[in-house]
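Worksheet for the structure shown next.
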Amino acid sequence: MKVLHEEGVDTIFGYPGGAVLDTYDELVKTDIKHILVRHEQGAVHAADGYARASGKVGVCLVTSGPGATNTVTGIASAYMDSIPIVVFTGQVNTNLIGNDAFQEVDIVGITRPCTKHNYLVKNVENLARTIKEAFYIARSGRPGPVLIDLPKDMMRSSTEYKPINEVRLRAYNPTYEPNMKQLDRVISLIKKSRKPLVFAGGGVILSGASGELKKFAHVIKAPVTSTLMGLGAFPASDPLWLGMIGMHGTYCANMSSSECDLLIGIGVRFDDRVTGKTSTFASNAKIVHIDIDPTSISKNIPVDTPVVGDCRVTLERLNKLLKDEPKKDISGHREPWLDQVMKWKETRPLTYTQKDIIKPQFVIEKIWELTKGEAIISTEVGQNQMWSAQYYRFDKPNTFITSGGLGCMGFGFPAAIGAQVAFPDRVVIDIAGDGSIQMNIQEMATAVQYNLPVKIAILNNRYLGMVRQWQELFYERSYAHTEMDHAPDFVKLAEAFGAAGLRATKPEEVVPVIEKALSINKPVIMDFVVEREEGVYPMVPAGADITEMLLV
Amino acid sequence: MSNNENNQKHILSLLVENEPGVLTRIAGLFSGRGFNIESLSVAETTEPKVSRVTIVTREDVNILEQIKKQLNKLMNVIKVLDFKGMPFVQRELALIKVRARPEHRAEILRMVDIFRSRVVDVGAEYYTMEITGDEDKIAAFLELLRPMGIKEIAKTGSVALAREKK
Ligand SMILES: Cc1ncc(C[n+]2csc(CCOP(=O)(O)OP(=O)(O)O)c2C)c(N)n1
Ligand SMILES: [Mg+2]
């Protein structure tokens, strides 16, 4: 417990059980806040949302066996998106491990491929050091989830706490400082470039590099796009912003990636949802790739100039070097390129048309307007997620919380709860689908219990919409099991939990419903009955060249 | 899969922290990412708490690069060494149980002598031999013994060390 204090832990998301009784017994004697979730998956997503919003390490505590297995999806999601969390799981007594004991499961084995690292504590003397290491590993380098399995007898025994001042791991030493020679190469590529494009990812947000990124893009006068995970890293209100890249990227961002002569990837990993067909991705460009994780570099796309280092440190160094360069060398001759980019932006913006049925995009635009772009937005997975990415214009980092790599339905609501715990006074909204919200709806009880005024905006199309869209486009409209006709009445459901429920069925009801929801100081479900067969566009079919976009 | 006969064979030598689960992490990395593993051997080094793992893999160079980076990323892996392009010594050990018909015994012993092998167990019908050497030597030995009837063999993976400067 002392170590948790030292690590600055103020909140734990958890769920008790036999194997963690002793830990809970100690926990209540401290001033660490405990949020009792209703399902362990919710605890992990909440810790994850807490971490994404605050930049701190999120912490969960669950019991052995089923408590532990329920965390796996949450851990995998945090792993894919490099989110720092520490998960404590209970375990049976050490002498029973391997015995198929009651509520025993090899959670260290199960989570080995989806944690950055994990531990089984076998000696209470090592407990403090292990916890220290876990927090250090979770937050340093490329962040990620770390799991600590705590056998019950370990938690029963006591030991003298000897302060540990420093964690040094022989086999782990992430590279923060970039190689200066590589940076010189980057500068000379910038000088040669006529058509540069900056391509930012979640690494920019994780390393707190947004300020440096903005400076960098303006100094070299390069337009900026980002991955889903990178939204908010660069202000959407900036004239150099092109919107998101990839499968549902903007026309302008995707065309630019294909036409640019220099692509500067920062804190990205060239995921298949971004690149489309890898052999033609950015095929006219020299590629610079800045990332703290060497395994990301040249994994999917061959890179011309790799720079291994922390995004913020690297951008700081680059910005400093750029100061000494003549302005026209590093940002001259940009007009034709910027003109071209702006033309793409103007001629093919994101669009939709609304008549008498509510369009989901409209709902998000209005949420953006009415929250002045300052809300923390989490999403579920599917069309709701992509429309949020496209239509909510994020100006600040740590305000867009989404399960990017794993694409995990049921993530958004518990993650919103975690974000609200981190920032009790900010507006936190989960933009949800009618399908996804049913995956962790039980957490409504958590939100009500702890007075967490999270807002849920369900874009209710009564479909597993994104899957339906694929069926529409690639399976001849055969909507096999994607219709969600049997759903609860979400308004009554909210009320049953002790939250508020609102519904909009016509476009003119959208604004009043959002306004009303924002004025209620408790959890609210907004049920927006939207156009059922609306699609997310542009769309690049999986594996196609990124410029082969289906437009509306 | 990337398991291609044309791909070159590579020997990786890792120094790892001697902790429970390290081997599973390494093996899991190979299976989880679809990397092919031909052989693997582990044993302690002179330094307590540090083991050496020797892995033989057959992959193209790009994948090999990725393997090395991924191995380095594992929390308990201290160092990854690739013997490509440097002189090294490599050994395997095989135990071979061969049918020893009276008319073949002299021939077997002659081969044992030529290959600097040793007979380690003599039974009524079978001899068991031990041989060390690189892969080719052991393969050649096995080829010559095959006509006499090999009952079973047990073979280690490769172990290797870089050569010192002369
Ligand atoms: C846990 C999980 N199961 C299944 C999927 C596959 N999937 C991706 S999007 C989607 C549809 C989501 O439907 P809904 O929440 O209503 O969102 P919509 O696309 O309609 O906005 C499904 C089933 C998933 N991403 N996650
Ligand atoms: Mg839906």
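Details
- Ordering A:THR305, A:VAL59, A:VAL448 by Cα displacement along the dipole of the protein assembly as shown toward the positive end leaves A:THR305 in first place; charges were set at the Cβ atoms of Lys, Arg (+1) and Asp, Glu (-1).
- Computed on region A:360-529, with alpha-carbon pairs under 8 angstrom and 6+ residues apart, the relative contact order is 22 percent.
- Rounded to the nearest 20, the Cβ-based charge dipole of the protein assembly as shown about its Cα centre (Lys and Arg +1, Asp and Glu -1) stands at 1920 debye.
- Region A:90-165: Lys pairs at Cα distance under 17 angstrom, eight or more positions apart or on different chains: 4
- Cα-centred dipole magnitude for region A:450-552, charges only on beta-carbon of K, R (+1) and D, E (-1), debye, nearest 20: 480 debye
- B:SER39 long-range amide H proximity, modeled H, under 5 Å: B:VAL56
- Beta bridges per DSSP, both residues in the protein assembly as shown: antiparallel share near 40 percent.
- Taking the Cα centre of region A:180-347 as origin and assigning +1 to Lys and Arg Cβ atoms and -1 to Asp and Glu Cβ atoms, the resulting dipole is close to 300 debye.
- Coordinate range along principal axes, alpha carbons of region A:180-347, Å, largest first: 37, 36, 28
- log₁₀ of I(q)/I(0) at q = 0.14, 0.21, 0.29 Å⁻¹ - region B:12-60, Debye sum with one point per alpha carbon: -0.34, -0.72, -1.15
- Leading residue at positive end of dipole, the protein assembly as shown (Cβ point charges), from A:SER378, A:ALA209, A:GLY410: A:ALA209
- Note on region A:399-521: along the principal axes its Cα atoms extend 47, 34, 24 Å, ordered by decreasing extent.
- Rounded if a/c under 1.5, otherwise prolate or oblate - region A:310-450, Cα gyration tensor axes: oblate
- Restricting region A:446-525 to GluC sites (Glu not before Pro) that sit in a DSSP loop and have at most 12 other Cβ atoms within 10 Å of their own Cβ leaves A:GLU476.
- Positive end of the dipole of region A:2-155 (Cβ unit charges, origin at the Cα centre): among A:ASN99, A:ILE32, A:TYR50, the Cα lying farthest that way belongs to A:TYR50.
- Equivalent ellipsoid dimensions for chain B as semi-axes, Å, which come from the Cα gyration tensor, largest first: 35, 17, 16
- Sequence-distant contacts, meaning Cα pairs under 8 Å at least 6 residues apart, place the relative contact order of chain A at 14 percent.
- Global size of chain A as Cα Rg and Dmax, reported in angstrom: 23.9, 72
- Relative to one another, the C-alpha centroids of region A:4-82 and region A:386-419 are positioned 20 Å apart.
- Globularity index of region A:117-240, i.e. its alpha-carbon radius of gyration over 2.2 N^0.38 Å: 1.55
- Counting only lysines at least 8 places from A:LYS355 when in the same chain, those with an alpha carbon closer than 30 Å to its own are A:LYS343, A:LYS345, A:LYS366, A:LYS372, A:LYS455, A:LYS492, A:LYS506, A:LYS516.
- Three-way shape label, region A:2-155, alpha-carbon gyration tensor, a/c 1.5: rounded
- For region B:66-165, the set of GluC sites (Glu not before Pro) satisfying both a DSSP loop assignment and a count of at most 13 other C-beta atoms within 10 Å is given as B:GLU125, B:GLU164.
Read-outs throughout are calculated quantities, based only on the coordinates presented, and are distinct from any laboratory measurement. Remember, predicted model here, so these are calculated numbers, not experimental data. Backbone-built Cβ (ideal geometry, glycine too); neighbour counts: all protein chains shown.
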